[in-house]
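Structure record follows, encoded as structure tokens.
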Amino acid sequence: FLQPKKAANSTPAEVVEERPKECKRVPGCRHLSGDCCPAPDDMFLACCDAPPVTAPSRGRPGAGALPMEPSCDAANVGVPNCGAFARCDGEYFVDGTKRTLRASSEFCSYVTFQTDISLQSVLQLDADVFITPGTCSPLDNLAFWFFQTAASGDALDENARHWDALSEVDLMETYIGIGGVNSINTNFAATGIPKHWKGYTIEGGVHQHVTMWQDVDNAANCPETRLSGFMPGAEPIEYGAELPVVSIYVAHCAPGAPCCEGEGCKALQGHEHVAGACITVKDAPILLVLSNWGSGHHATPGCEIGASDVTLRTK
């Protein structure tokens, strides 16, 4: 969360004048509480009175299991994507670390998983994902994905805190994407390089691991910030502030273990099977979603999609 001074010849006192102290107004500290602190080298440090971050451990250094507590965010997910008849309660099942979404009818189904984590702080996210063979149809739109949103508020009036097309990552999505009918893909709503998972189909099912990582060196030359985004079919939307942008990559591989770690992930950047995009970091936490919007909002009863062993490593 180091923030460089504006001018090379600025004194520490001048840096304090030039940079707002509140974390929420400083890119890089935006998701923290409290005030940012000037350091002797004229940089800004993480927020002075932010709560300490304890790195969880679960086999891998700094990697911890997300609780994946199911919730039903109708306002941000169900209604905007599939209308008032989208179902959540009774559509999902919990078994240890596994979360399964099973359509009980022809209505759309979904389940959400809240976090308190900013995308900017995420170094790596891992999960096993699956579609149960023989349960879904070739035109069904299923996904394990995330975006960033405040729990409440007006998404159209508070653009910096809610979804727009430059802030979504579809770790696994079917039908929509470059693969077309009966395909499985990694997508982004309106940016980046999506990838088709060759050799896998919706009908035939899939069981893979997905690893998403942030390239802090920004080899893709993503812009440092964005002032605006857009919603499909609408005019560009203004954030009202400069929001950070992070370089994200997503790979898929055999289930049971991360596709890569550290430098191994960097070596995969640009690989023909690895998706990548420049994603806007909102002033809001990540919301993970399992969804089944069916075909034209008509789901295949019994269709199953799920995720398990979801872990996160942060800065």
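The values are calculated or read from the model by the stated rules, or taken from the named source; none is laboratory data. For clarity, every value in this text was computed on a predicted model and none was experimentally measured. All Cβ positions, even for glycine, are placed from backbone atoms using ideal geometry, and neighbour counts span all protein chains on display. Accessible surface is based on the protein model in full, side chains and every heavy atom, while ligands, DNA and RNA are left aside. Shrake-Rupley method; radii C 1.70, N 1.55, O 1.52, S 1.80 Å.
Key figures for this structure:
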| read-out | value |
| --- | --- |
| In range of the label at Ser295: residues from region 138-155 whose backbone nitrogen is under 17 Å from the point 7 Å along Cα→Cβ | 138-143 |
| Order of exposure, largest accessible area first, which applies to Thr211, Thr201 with probe 1.4 Å | Thr201, Thr211 |
| Extension gain, Thr132 back to Ala151 (0.36 nm per residue minus Cα-Cα distance, nm) | 3.8 nm |
| Neighbourhood net charge (13 Å Cβ-Cβ; Lys/Arg +1, Asp/Glu -1) for Cys82 | -3 |
| Full-extension gain in nm, Ala220 to Ala257, via 0.36 nm per residue minus C-alpha separation | 10.7 nm |
| Qualifying trypsin sites (Lys or Arg not before Pro) for region 142-203 [loop in DSSP, other Cβ within 10 Å: at most 11] | Lys198 |
| 5 Å binning of all Cα-Cα separations within region 90-242, expressed as whole percents from 0 upward | 2, 8, 15, 20, 20, 17, 12, 7, 2, 0 |
| Sites Ala190 and Glu272 - FRET efficiency at Förster radius 25 Å, r taken between beta-carbons, to 0.05 | 0.70 |
| Whether region 181-315 is rounded, prolate or oblate, judged on the alpha carbon gyration tensor where a/c under 1.5 counts as rounded | oblate |
